[in-house]
Every structure is written in C-alpha cells, then in structure tokens.
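The values are calculated or read from the model by the stated rules, or taken from the named source; none is laboratory data. Here the structure is a predicted model, which is why all the values come from computation and not from measurement. Here the Cβ positions follow ideal geometry from the backbone for every residue, glycine too, while neighbour counts run over all protein chains shown. Surface accessibility is based on the protein's heavy atoms, side chains included, excluding ligands, DNA and RNA. Shrake-Rupley method; radii C 1.70, N 1.55, O 1.52, S 1.80 Å.
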Amino acid sequence: MATAAFSRYADLPALIGLMTGDEKHRAASESTLDVLWVLYDRILRVTPATADDPDRDRFLLSKGHGPMAYYAILAAKGFIGVHELRDWASHGSRLGQHPDGVLVPGVEIGSGSLGHGLGLAVGTALGLRAQGRTGPRTVVLTGDAELDEGSNHEAIAAAARLGLGSITAVVVDNRSATHGWPGGIATRFQTEGWTADTVSGRDHRALEAALSVRDPAVPHAVVARV
C-alpha cells in the first residue's frame, strides 16, 4: 500500500526512479505524468477500495508503452505496493512493460497494441449504457501518434453519433505523429461532433478544468501539449 511518504506529486520522480530497464520509453512515459496525476488525484471516481465497483469511473491507458509513470501513480494512490516497482518487468512480477488489466489492480485493459484504446472506450461506454449505468465516466489516454491508426478515426466518428457523453479522450501531444491532422488534433474531434480543449500538459489547473467538462450527450477531448 501507499504510505504518506510516497503519496504526493513531488514523490513521483522517486517512484519512477525505482523502475529501470526501459529507458528508451522513459520520455514517452513521463509525458503522461501530469495528466495521470490530475486524473487520479482530482477527477476519477475510483480508489483501491472501489476498483471493482460497477459504478466506478473507468480509465483506459491506450498509450501503454513505457508505463512507469502510470505504475508510479498507482503506487502513490495505493492500488499497488511501492515495493513492487523495484521488480517491475521481471520474471514473476505482475507489472509488465505493458499494463495487464487482469493482473494489476486499477488497470482496466491490456494495452500491448497501441491505437485501440478509443475503440475500447466506445465499447465500454456502450456497455455501461446498456446496463443503465449513467454515472461512470470512461476516460481514455492516447498519444498523438496513435491517432494515425485507422481504428481511432472510426471510434471518433462513432462516439458523437452515438451520443456517448460519458467518454473523455485525452491526447498527449508531443508532436510525434507521422501524418498529423489538418487543422490540428482538437479540430479533428470537433469536426465529428465532440467538444474539445487544448491545454498545457504540465498545467494542473488547466488540465483539471478541461477534464471536468462533461455533457451527457457529447463526448469531450482534451489535447494536452507537452
């Protein structure tokens, strides 16, 4: 469990520092750090005690490669033990180089294949609606390069047409996409009927305000520039 000594935003670099062996993905991981912290500290209605509650908010990490920042925040918030970070990605550890939704408390999906999180978010939101659960949010975090994948275009088009206002898509934009989107990322979502905000991916107040937006019938996108 998390302790008071490892439960603050300021402690996250030390927690990430416990994990070694995937340095090539460290920059990609740390680009998500502030978004993840704001989500788990201020936005998402999910705790270790409610990780299996059917009315919890769902967080889907589509940008799953290099998950050190994600594991650090799960440890800081008590979903996993801090001691587990030292052995991550080793034989017998449940913390792999891609999070496993079956093994890791608080993780909703396996994210080994990038580019599928938005489609899974649409399916999750539809499933919750079919169950009559209108309270839970489905938040999915992607990278800008993932949006080159065709499945994301289909998911973006479908979400607004289906009135899936419970979905929030967060796009961490570090300008790594091969193709890019004419008019910018936010415009692509807005063209398909979403609302969208573009904010600094390091500004916690701006992230909180953008992530707090919710319309019951309209999905929302937050482009977080880093």
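Taking a ≥ b ≥ c as the square roots of the Cα gyration tensor eigenvalues, segment 25-98 comes out oblate, since a/c reaches at least 1.5 and a/b does not exceed b/c. Helix-only mean residue ellipticity at 222 nm, the chain, DSSP H runs n ≥ 4 weighted -39,500 (n - 2.57), per residue, nearest 500. What is it? It comes out at -8000 deg cm²/dmol, rounded to the nearest 500.
Summing charges over neighbours of Ala69, with a neighbour being any other residue whose Cβ is under 14 Å away from its Cβ, gives -2 when K and R count +1 and D and E count -1.
Give a quick list of trypsin sites (Lys or Arg not before Pro) in segment 127-182 that DSSP marks as loop, anything other than H, G, I, E or B, with at most 15 other Cβ atoms within 10 Å. Hits after loop and neighbour filter: Arg133, Arg175. With the cut-off at 1.5 for a/c, could you classify segment 151-208 from its C-alpha gyration tensor as rounded, prolate or oblate? Taking the square roots of the gyration eigenvalues as a ≥ b ≥ c, segment 151-208 is oblate. Excluding ligands, DNA and RNA, the accessible surface per residue across the chain is 43 Å² with a 1.4 Å probe.
DSSP bridge analysis restricted to segment 81-226 gives an antiparallel fraction near 5%, rounded to the nearest 5. Shown here: segment 9-225, whose C-alpha atoms stretch 44, 39, 31 Å along the first, second and third principal axes, sorted largest to smallest.
In a simple Cβ point-charge model (Lys, Arg +1; Asp, Glu -1; nothing else charged), segment 9-225 has a dipole of about 300 debye relative to its Cα centre. Specify whether the C-alpha gyration tensor of segment 84-184 places it in the rounded, prolate or oblate class, a ≥ b ≥ c being the square roots of the eigenvalues: rounded for a/c under 1.5, otherwise prolate if a/b is larger than b/c and oblate if not. Oblate is the answer for segment 84-184, as a/c is 1.5 or above yet b/c matches or exceeds a/b.
Given an 8 Å cut-off on Cα distances and at least 6 residues of separation, report the relative contact order of the chain as a percent. About 20 percent, as a whole number. Neighbours of Ser111 by Cβ distance under 10 Å: Lys/Arg scored +1, Asp/Glu scored -1, total -1.
With Cα atoms defining each centre, segment 1-51 and segment 91-148 are spaced 17 Å apart in the structure. Ordering Leu207, Leu74, Ala177 by the projection of their Cα atoms onto the charge dipole of the chain, which places +1 on the Cβ of Lys and Arg and -1 on the Cβ of Asp and Glu, puts Leu207 at the extreme positive end.
All other residues with a Cβ under 12 Å from the Cβ of Pro216 taken together, and with Lys, Arg as +1 and Asp, Glu as -1, what is their net charge? Overall, the nearby charge balance is +2.
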